[in-house]
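The values are calculated or read from the model by the stated rules, or taken from the named source; none is laboratory data. Since the model is a prediction, treat every value here as computed from it, not as a measurement. Virtual Cβ from ideal backbone geometry, glycine too; neighbours counted across all protein chains shown. Protein only, heavy atoms only, side chains kept; ligands, DNA and RNA dropped before computing areas. Shrake-Rupley method; radii C 1.70, N 1.55, O 1.52, S 1.80 Å.
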Amino acid sequence: MRSYLVVIDETNEGKVALRYAARRAARTGASVEVLAIVPPAEFVQWGGVQAAMEEEAKLRAEAMLLEAAGAIVEEAGIQPTILVRQGEPVKAIGDLLKERTDISALILGAAAESGPGPLVEHFSGAVAGTLPCPLVIVPERLADEALDRSG
């Protein structure tokens, strides 16, 4: 089964990208993979403190994903797969795309005010032609009616 990979965080553009992916998946019979990335913690001299900081960041990401998953189930009737990866976001996404052959599209949200964001800039830039799947960029200000038409 093909799936749509959505990278989300606590921003509005991530939520819009997720709504787009859920609607698209419901129409096409695909699944949704929701990815949150826990960035590497800054180096802390004491390993126990660093491990606790990383675990806290991972728990926040998992809670955010569970909330997002609930929204998908409610809105589109789809049970998404929840993924949490640690590391630099660009590398984590790139590695996941290399590992998985069933991902039909990488779906990212673009912020309305502050520019497209580092992930959109990276994946729509020089590497766009080497991606193993299409890239879908969803504008943050896209209204639900427009999502319905495009999904």
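Scanning segment 1-36 for residues that are in contact with a strand residue (DSSP E or B) (Cβ under 7 Å, 6 or more places away or on another chain) and in a helix (DSSP H, G or I) turns up Glu13, Gly14, Val16, Ala17, Leu18, Tyr20, Ala21, Ala22, Arg24, Ala25. Scanning segment 105-144 for residues that are touching a residue at least 40 places away in the same chain (Cβ under 8 Å), touching a strand residue (DSSP E or B) at 6+ places or on another chain (Cβ under 8 Å) and not in a loop (DSSP other than H, G, I, E, B) turns up Ala105, Leu106, Ile107, Leu108, Gly109, Ala110, Leu119, Val136, Val138, Pro139.
Ile107 meets the stated requirement of being among the β-branched types (Val, Ile, Thr), open to solvent by less than 20 Å² (accessible area, probe 1.4 Å), within 12 Å of the chain's Cα centre (by Cα) and closer than 19 Å to Tyr4 by Cβ.
If you go through segment 86-104, how many residues are aliphatic (A, V, I, L, M) and either touching a residue at least 60 places away in the same chain (Cβ under 8 Å) or not in a helix (DSSP H, G or I) (or both)? The qualifying residues number 4.
Consider segment 119-142. How many of its residues are under 24 Å from Thr81 (Cα atoms) and either open to solvent by less than 50 Å² (accessible area, probe 1.4 Å) or within 16 Å of the chain's Cα centre (by Cα) (or both)?
Kept after step one, since they are under 24 Å from Thr81 (Cα atoms), are these residues of segment 119-142: 119-120, 123, 131-140.
Retained after the next criterion (residues that are either open to solvent by less than 50 Å² (accessible area, probe 1.4 Å) or within 16 Å of the chain's Cα centre (by Cα) (or both)): 119-120, 123, 131, 133-140.
Going through segment 119-142 one residue at a time, the tally reaches 12.
For segment 49-57, the criterion of being modelled with pLDDT of 70 or more, out of contact with any His (no Cβ under 7 Å at 6 or more places or on another chain) and either closer than 30 Å to Glu74 by Cα or assigned to a loop (DSSP other than H, G, I, E, B) (or both) is met by at least one residue.
Only a single item in (1) in contact with a helix residue (DSSP H, G or I) (Cβ under 8 Å, 6 or more places away or on another chain); (2) not in a helix (DSSP H, G or I) is not met by Leu147, and it is number (2).
So, in segment 71-85, of the ones that are outside any strand (DSSP E or B) and β-branched (Val, Ile, Thr), which residue ends up least open to solvent (accessible area, probe 1.4 Å)?
Among those residues, the one meeting the criterion is Ile72.
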